[in-house]
Amino acid sequence: PEETVTSSFASFIHAVRPEHLSKTVCHRSKRMILDSIGVGLVGSTTHVFDIALQYCRLYSSVAVSSVYGKPGVKLSPTLAAFTNGVATHSMDFDDTWHPATHPSGAVLPALLAASQMLPPSTKPSGMDFLLAFNVGLEVQGRLMHFSTEAHNIPKRFHPPSVVGTMGSAAATAKLLSLSTAQCAHALGIAASLAGAPMANAATQAKPLHIGNATRLGFEAALLAARGMEANPLILDDIAGCSGFSAFYSIYQPKPLSTPSDHHEFLLEKQDIAFKRFPAHLGMHWVVDAALSVRNLFINYAGSFSPSLIRTIVLKIPVSKYINRPFPSSEHQARHSFQFNACTALLDGEVGLSSFTESSIHRQELRELLDKVVVEHPEDNVANFDKMYGEVALLLHSGDVLTGKCDTFYGHWRKPLSKESLLKKFRSNASHVLPEEKIETVITMVDNLENLSDSSQL
């Protein structure tokens with residue numbers, strides 16, 4: 001039969017082998033796995049995670065898969081994937097790719113749960129795990145490149161709820177060694193389980209997008225493994241009948257070549273952004289700009305004195321759901337240019353404690369927020385590869401101090417150092433793990449390709 005876009009993806013998932021992973025891809029993906037585990041561990045301390053866990057424990061019959069931050073607690077594999085996915089995104093602390101999505105959180109929890117689900121005689125190795133993880137990333141990245149719309153900050157669908165579900169299905173299908181036909185059906189089933197609206201950003205419902213992506217993609221692979229079929233052209237552009245194209249206004253799919261002697265994964269060419277503090281990625285530009293101008297202000301005045309400031313001008317791209325002048329909850333604060341810029345100005349940093357109730361509702365912070373004016377320069381586009389953040393302080397004296405950031409520390413153009421990534425992981429993991437277990441996880445991930453049984457992770 002004639003090859004289609006969908007069949008090419010299925011063939012790739014089935015045929016790709018560990019030797020197709022370059023040293024760069026292995027290195028970058030292991031950094032992602034370590035960071036995502038740390039983010040999930042600290043995310044298990046949140047209220048929204050507790051809600052998700054309480055819900056899942058109502059339905060957990062075959063409890064074999066572990067839950068982040070809860071020693072002794074196990075759930076059925078798909079519910080463990082869901083719960084750990086919620087933990088990963090509960091603070092908006094997880095990695096971000098370009099075109100925009102959160103790739104690790106939609107894939108890693110499914111693979112962790114599936115590894116524990118499989119019987120001892122068929123446990124996947126660490127290299128099997130690493131390959132499946134990269135298959136999940138590759139499928140997400142390729143699908144996002146089918147639409148120019150995906151390159152910009154989203155307006156309709158939250159990307160990980162769309163491509164993340166497909167990536168989870170692909171990764172799990174690879175880990176379970178499904179046939180080419182089953183891989184195609186897994187993608188087709190996953191497409192019917194995908195999608196969540198952007199309107200739920202800055203609410204407790206947003207972490208469900210990652211939880212559902214990893215769980216439902218996992219379920220799609222399990223259904224395909226048991227013989228369920230779906231449209232074999234789900235990724236193709238069929239006139240008059242939308243498949244995956246329903247999620248994008250512009251959709252131009254391309255086949256994915258089956259790897260022969262060499263395959264260049266997208267992760268080889270496009271690195272990942274790791275967040276230094278738990279907030280929407282766009283916040284990292286304005287925080288670095290605010291910290292820069294804060295230093296100028298201290299050199300100017302001797303200390304940070306808000307009373308000297310008449311107006312704070314933020315120059316940011318147009319993006320309605322992260323333009324929030326007066327956030328009233330932690331989730332709104334994580335999605336507020338104004339809050340994060342003013343917190344950085346006031347405290348000289350943004351961190352976990354910045355999003356507590358007491359920090360959000362401080363009078364001195366409210367007084368700074370009252371001084372903020374937002375501008376949208378035409379050259380500042382809503383695109384994580386092109387945008388910038390600028391913070392200008394207009395002083396009562398008439399002087400103007402300005403800080404600007406076009407590439408924050410942690411962006412794919414300015415990656416976190418190994419030391420910074422390990423510092424973040426240790427800090428996050430320390431909320432629920434003792435020091436010796438933290439170091440064990442670091443060592444295990446660092447040597448993942450040599451691990452004989454990935455369920456040990």
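The values are calculated or read from the model by the stated rules, or taken from the named source; none is laboratory data. Since the model is a prediction, treat every value here as computed from it, not as a measurement. Positions of Cβ are backbone-derived with ideal geometry, glycine not excepted, and every protein chain shown enters the neighbour counts. Ligands, DNA and RNA are excluded from the accessible area calculation, which covers all protein heavy atoms including side chains. Shrake-Rupley method; radii C 1.70, N 1.55, O 1.52, S 1.80 Å.
Brief remarks on what is shown
- When restricted to residues that are farther than 25 Å from N84 by Cβ and either open to solvent by 20 Å² or more (accessible area, probe 1.4 Å) or not assigned by the TED database to the domain that holds M127 (or both), the range 143-184 contains 10.
- Residues in the range 304-316 that are in a loop (DSSP other than H, G, I, E, B) and either loosely packed, with under 15 Cβ neighbours inside 10 Å or outside the structural domain of L401 (by the TED database) (or both): S305 only.
Results for (1) in contact with a Lys or Arg (Cβ under 7 Å, 6 or more places away or on another chain); (2) at pLDDT 90 or above; (3) farther than 27 Å from H280 by Cβ, shown as yes or no for each residue.
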{"residue": "F49", "(1), (2), (3)": "no, yes, no"}
{"residue": "R57", "(1), (2), (3)": "no, no, yes"}
{"residue": "S60", "(1), (2), (3)": "no, no, yes"}
{"residue": "P71", "(1), (2), (3)": "no, yes, yes"}
{"residue": "S76", "(1), (2), (3)": "no, yes, yes"}
{"residue": "A81", "(1), (2), (3)": "yes, yes, no"}
{"residue": "N84", "(1), (2), (3)": "no, yes, no"}
{"residue": "S90", "(1), (2), (3)": "no, yes, no"}
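- Among residues of the range 57-74, those that are in contact (Cβ under 8 Å) with a residue 60 or more places away in the chain and either over 25 Å from the mean Cα position of the chain (by Cα) or under 16 Å from L111 (Cβ atoms) (or both), counted: 1
- For the residues R31, R17, the requirement of being closer than 19 Å to V107 by Cβ and open to solvent by 40 Å² or more (accessible area, probe 1.4 Å) singles out R17.
- Scanning the range 317-341 for residues that are under 21 Å from D406 (Cβ atoms) and either in a helix (DSSP H, G or I) or touching a strand residue (DSSP E or B) at 6+ places or on another chain (Cβ under 7 Å) (or both) yields a total of 6.
- Enumeration of residues in the range 101-121 that are over 17 Å from R276 (Cα atoms) and open to solvent by 10 Å² or more (accessible area, probe 1.4 Å): L112, Q116, M117, L118, P119, P120, S121
- Count of the range 358-383 residues, restricted to those that are crowded, with 17+ Cβ neighbours inside 10 Å, in contact with a Phe, Trp or Tyr (Cβ under 9 Å, 6 or more places away or on another chain) and in a loop (DSSP other than H, G, I, E, B), is 1.
- Residue match in the range 231-244 (condition: open to solvent by less than 30 Å² (accessible area, probe 1.4 Å), within 23 Å of K320 (Cβ to Cβ) and out of contact with any Phe, Trp or Tyr (no Cβ under 7 Å at 6 or more places or on another chain)): no
- Hey, E268 part of a loop (DSSP other than H, G, I, E, B) and not aliphatic (A, V, I, L, M) or not: no
- From the list F355, F339, F408, the one residue that fits, being aromatic (F, W, Y), out of contact with any His (no Cβ under 9 Å at 6 or more places or on another chain) and crowded, with 17+ Cβ neighbours inside 10 Å, is F339.
A quick yes/no check of all residues on (1) surrounded by fewer than 19 Cβ atoms within 10 Å (Cβ to Cβ); (2) of a type in the set (A, V, I, L, M); (3) in contact with a Ser or Thr (Cβ under 8 Å, 6 or more places away or on another chain):
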| residue | (1), (2), (3) |
| --- | --- |
| L416 | no, yes, no |
| E419 | yes, no, no |
| F425 | no, no, no |
| H431 | yes, no, yes |
| E435 | yes, no, no |
| I438 | no, yes, yes |
| D446 | yes, no, no |
| L451 | no, yes, yes |
